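Undergrad: Handing you this structure, nothing more for now.
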There are 2 protein chains.
Amino acid sequence: MHGTRGGYGCDMRGMLSFQIMWLLSKKEMHGEEIAEEIAKRRGSKPKAGTIYPALKSLEENGVITGEKKGKTVVYSLTSEGKRSVKRAVIYFCRSFGEIFEGSS
Amino acid sequence: MHGTRGGYGCDMRGMLSFQIMWLLSKKEMHGEEIAEEIAKRRGSKPKAGTIYPALKSLEENGVITGEKKGKTVVYSLTSEGKRSVKRAVIYFCRSFGEIFEGSS
DNA sequence: TTAAATATATCGCATGTCCTATACTTGCTG
DNA sequence: CAGCAAGTATAGGACATGCGATATATTTAA
């Protein structure tokens, strides 16, 4: 039916590429690892068809790079990516910070 | 070009309908007022072509109702909407909470 | 009354984010 | 070598979120 509303009444999609950048600002990771970190937080793991297009888009945008290491591709932030994620975090906190404040 | 990345390297769209529900959980408001509250937080005001379809979608979903009062249509959460927004806030904080923690 | 501002609403377009399904590569094991 | 599993990748579909443009009704100002 209207699949994307899981009992929340509203669409809770979004901010995937931002969350990926934020995770990579903590530690470099390969695709599957990133998906599992997101699963820990959101409760469900993004599928391959979700995560790899997002990584490709970020790479094309010059904020992450993927380095092939044997079986896996390890992604990390570029120096531009490091600057970008700082700005993104500021924007994110200004936009949604009080939602978090009010529920601790 | 790739319009939606404003120097953040990633797409910062998303969570509009959630943010609307959250705002309405504080105070009932009409469309323009909601747009201005979002502008205060995000830095730019969502246009009419963004905000009204979102309100319509939330109304169709049964989580908000719009009541015509003179010039404006005042929106408020339905009782289902009030329950939904609580669940949505929990999901949101579990998904993104640590991003706020690390930047206070 | 006419004009301007405010509020609501819709259309078309682009793109990100989700999914399922399919397929390829690599490394390991039998 | 053959087969399997893990990881990577793309195609195609659905939908929310953005925009600009356009339109209408109502209120306020000139």
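The values are calculated or read from the model by the stated rules, or taken from the named source; none is laboratory data. Since the structure is predicted, the reported quantities are computational estimates derived from the model, not experimental observations. No Cβ is skipped: glycine too gets one built from the backbone with ideal geometry, and neighbour counts run over all protein chains shown. Just the protein is used for accessible areas: all its heavy atoms, side chains included, with ligands, DNA and RNA removed. Shrake-Rupley method; radii C 1.70, N 1.55, O 1.52, S 1.80 Å.
Undergrad: Shortest first, in nm, what separates the label point of B:E36 from those of the same position in the other copies (7 Å along Cα→Cβ)?
TA: Shortest to longest, the spacings are 5.0 nm.
Undergrad: Only Lys, Arg, Asp and Glu count, each charged at its Cβ (+1, +1, -1, -1), so figure out the dipole size of the range A:1-92 about its Cα centre, rounded to 20 debye. Mind dumping the intermediate values first?
TA: Details: 17 positive and 10 negative charges, 43 e Å.
So the dipole magnitude of the range A:1-92 works out to roughly 200 debye.
Undergrad: Turning to a different aspect of this structure: With +1 on each Lys and Arg Cβ and -1 on each Asp and Glu Cβ, and nothing else charged, work out how big the dipole of the protein assembly as shown is about its Cα centre, in Debye to the nearest 20.
TA: Working: 36 positive and 24 negative charges, 11 e Å.
Its charge dipole is roughly 60 debye.
Undergrad: Of all the accessible heavy-atom surface of chain B, with the other protein chains kept in place and a 1.4 Å probe, what percent is carbon and sulfur?
TA: Details: 2860 of 5530 Å².
The value for chain B is 52 percent carbon and sulfur by accessible area.
Undergrad: Once amide H atoms are placed 1.01 Å from N in the peptide plane, what residues at a sequence separation of 5 or more from B:G6, or on another chain, have their amide H within under 5 Å of its amide H?
TA: Under 5 Å from the amide H of B:G6 lie the amide H atoms of B:M12, each far enough along the sequence or on another chain.
Undergrad: Would you kindly work out, in nm and rounded to one decimal, the distances from the label point of B:R87 to those of the same position in each other copy, ordered shortest first, with label points 7 Å along Cα-to-Cβ?
TA: So the distances to the same position in the other copies read 3.8 nm.
Undergrad: Can you give the helix-only mean residue ellipticity at 222 nm for chain B, where every DSSP H stretch with n ≥ 4 adds -39500 (n - 2.57) and the sum goes over all residues, rounded to the nearest 500 deg cm²/dmol? The partial results should precede the final answer.
TA: Working: 4 runs with 59 residues, N = 104.
Taken over chain B, the calculation gives -18500 deg cm²/dmol.
Undergrad: Using a Gaussian network for chain A with springs between C-alpha atoms less than 10 Å apart, which of these wobbles most: A:S25, A:S79, A:S17?
TA: A:S79
Undergrad: In addition: Kindly give the distances from B:G49 to its copy-mates, label point to label point, with each label point 7 Å from Cα along Cα→Cβ, as nm values to one decimal ordered shortest first.
TA: 2.9
Undergrad: Now, a different point. Just check the range A:16-101 against the gyration tensor rule for me: Cα atoms, a ≥ b ≥ c as the square roots of the eigenvalues, rounded for a/c under 1.5, and otherwise prolate or oblate depending on whether a/b exceeds b/c.
TA: Details: a/c = 2.15, a/b = 1.33, b/c = 1.62.
Judged from the Cα gyration tensor, the range A:16-101 comes out oblate (a/c at least 1.5, b/c at or above a/b).
Undergrad: So, for the protein assembly as shown, what is the accessible surface per residue at a probe of 1.4 Å, expressed in square angstrom? Working shown, then result.
TA: Values: 11130 Å² over 208 residues.
Result: 54 Å² per residue.
Undergrad: Something else now. Near the amide H of A:I64, under 5 Å away, which other amide H atoms are found, from residues 5 or more places off or on another chain, if H is placed in the peptide plane?
TA: A:E59, A:T78
Undergrad: Percent relative contact order of chain B, based on C-alpha pairs within less than 8 angstrom and at least six residues apart?
TA: Details: 87 pairs, mean separation 26.4, N = 104.
It comes to 25 percent, rounded to a whole number.
Undergrad: I would also like to ask the following. In chain B, which helices (entire DSSP H runs) extend 24 Å or more along their own long axis, judged by Cα positions, while averaging at least -0.5 on the Kyte-Doolittle scale? Please list the in-between numbers first.
TA: Numbers: long enough: B:79-101 (31 Å, -0.27).
TM-like helix candidates: B:79-101.
Undergrad: Next question, about the same structure. What is the spin-label model distance, in nm, from B:K45 to A:T50 if the labels are put 7 Å beyond Cα along the C-beta direction?
TA: Those two pseudo-labels are separated by 3.5 nm.
Undergrad: Which residue is it, in chain B, whose C-beta lies closest to the B-to-A rotation axis, and what is that distance in whole Å?
TA: That would be B:G14, 1.
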